[in-house]
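K.L.:
Please read through the structure below; I'll follow up with questions.
Since every read-out is calculated from the coordinates, none of them should be taken as a lab result. What you see is a predicted model, and the numbers here were worked out from it, not measured in a lab. Cβ placement follows ideal geometry from the backbone for every residue including glycine, while neighbour counts extend to all protein chains displayed.
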């Protein structure tokens, strides 16, 4: 990835801190969830003009991309505080690519994350990267980030969702990031056969759940190892249909 100078002056209409959008590129070289990404940029402080500039840069980057579009092509858009977009397109594995199910590990962090307005995704991922490193050290694939009293805040790279019966529950934002795949699942919950509930979760809810699902806008949906049923598979199939893979 090219060097990005984050030390830019703030310009009206641009975000107060740099924002990041991580997107899955579809087989037809589009980003089917871009409307969700664009909406989150607005919530994060970007004006419509800045979002239009980012959208144009995304389309130009996709037009220049000459490699085969496989099922793991990722576009990363970073929007700086002067409204400048930086776009990277590359083939990468997903943190959710765990053939036997994602190994989720509860990780206690000493403080909740500091999020941009609208719980948008910050370009600075050091808080979540630290949680992910600790999860991997414990043999896991995904950190289930908690505070010191056991409240589940977020996942290391994905939204945490727990299903009990036909109710699917996810933590509120903030402290969770307002995930793009999270928003898509909330919008399509009825079609997926579940009723959404947004409320605080505690670590004991992991054991009480029938299924634990991790979702993000690049990797899709995966169930946690030992807590799998068929909801994650249904969500992932719907997203794969959008992406053409």
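K.L.:
Report the paramagnetic label zone for residue 138: residues of segment 213-229 whose backbone N is under 15 Å from a point 7 Å from Cα along the Cα-to-Cβ axis.
P.N.:
225
K.L.:
A further question follows. For n ≥ 4 DSSP H runs only, could you compute -39500 (n - 2.57) per run for the chain, divide by its residues and tell me the 222 nm figure to the nearest 500? Show your work: numbers first, answer last.
P.N.:
Values: 7 runs with 69 residues, N = 245.
Result for the chain, helices only: -8000 deg cm²/dmol.
K.L.:
Now for a separate question. Subtracting the Cα-Cα distance from 0.36 nm times the residue separation, let me have the gained length for residue 49 to residue 191 in nm, one decimal.
P.N.:
47.8 nm
K.L.:
Using 7 Å Cα-to-Cβ label points, what is the residue 151/residue 130 separation (nm, one decimal)?
P.N.:
Spacing of the two 7 Å Cα→Cβ label points: 1.9 nm.
K.L.:
In segment 104-243, if every C-alpha pair distance is counted and binned at 10 Å from zero, what percent goes to each bin?
P.N.:
Bins of 10 Å from zero give 12, 47, 34, 6 percent of pairs.
K.L.:
Turning to a different aspect of this structure: Considering the chain as a Gaussian network with a 10 Å cut-off on Cα pairs, which listed residue, 66, 47, 35, attains the greatest mean-square fluctuation?
P.N.:
66
K.L.:
On a 0 to 90 degree scale, rounded to 10, what angle separates helix 126-137 from the longest Cα axis of the chain?
P.N.:
Rounded to the nearest ten degrees, it is 40.
K.L.:
Can you say what percent of the DSSP beta bridges in the chain, counting only those with both residues inside, are antiparallel? Round to 5.
P.N.:
75
K.L.:
Rounded to the nearest Å, what's the spacing between the alpha carbon centres of segment 121-200 and segment 4-39? Just the number, please.
P.N.:
Here the two parts' Cα centres lie 20 Å apart.
K.L.:
List the residues of segment 140-181 whose backbone N lies under 13 Å from a point placed 7 Å from the Cα of residue 202 along the Cα-to-Cβ direction.
P.N.:
Answer for this model: 147-152.
K.L.:
On to the next question. Compute the acute angle (0 to 90°) between the alpha-carbon long axis of helix 231-243 and the principal axis of greatest extent of the alpha-carbon atoms of the chain; round to the nearest 10°.
P.N.:
20
K.L.:
Right, another one. Using 0.36 nm times the number of residues separating residue 28 and residue 72, minus their current alpha carbon distance, what extension gain do you get?
P.N.:
Fully extending the segment from residue 28 to residue 72 adds 14.5 nm.
K.L.:
Just to be sure I understand the model, the point goes 7 Å from the Cα along the line to the Cβ. What's the resulting residue 65 to residue 108 distance in nm?
P.N.:
So the label points at residue 65 and residue 108 sit 4.1 nm apart.
K.L.:
Just to be sure I understand: of the beta bridges DSSP finds with both ends in segment 104-243, what percent are antiparallel, rounded to 5?
P.N.:
Counting DSSP beta bridges with both partners in segment 104-243, the antiparallel share is about 65 percent.
K.L.:
Now, a different point. Do me a favour and compute the ellipsoid semi-axes for the chain from its Cα gyration tensor, root of five times each eigenvalue, largest one first, whole Å.
P.N.:
Values for the chain, descending: 28, 21, 17 Å.
K.L.:
Right, something else. Would you mind checking the tilt of helix 48-64 against the longest principal axis of the Cα atoms of the chain, expressed as 0 to 90 degrees and rounded to 10?
P.N.:
Approximately 90 degrees, to the nearest 10.
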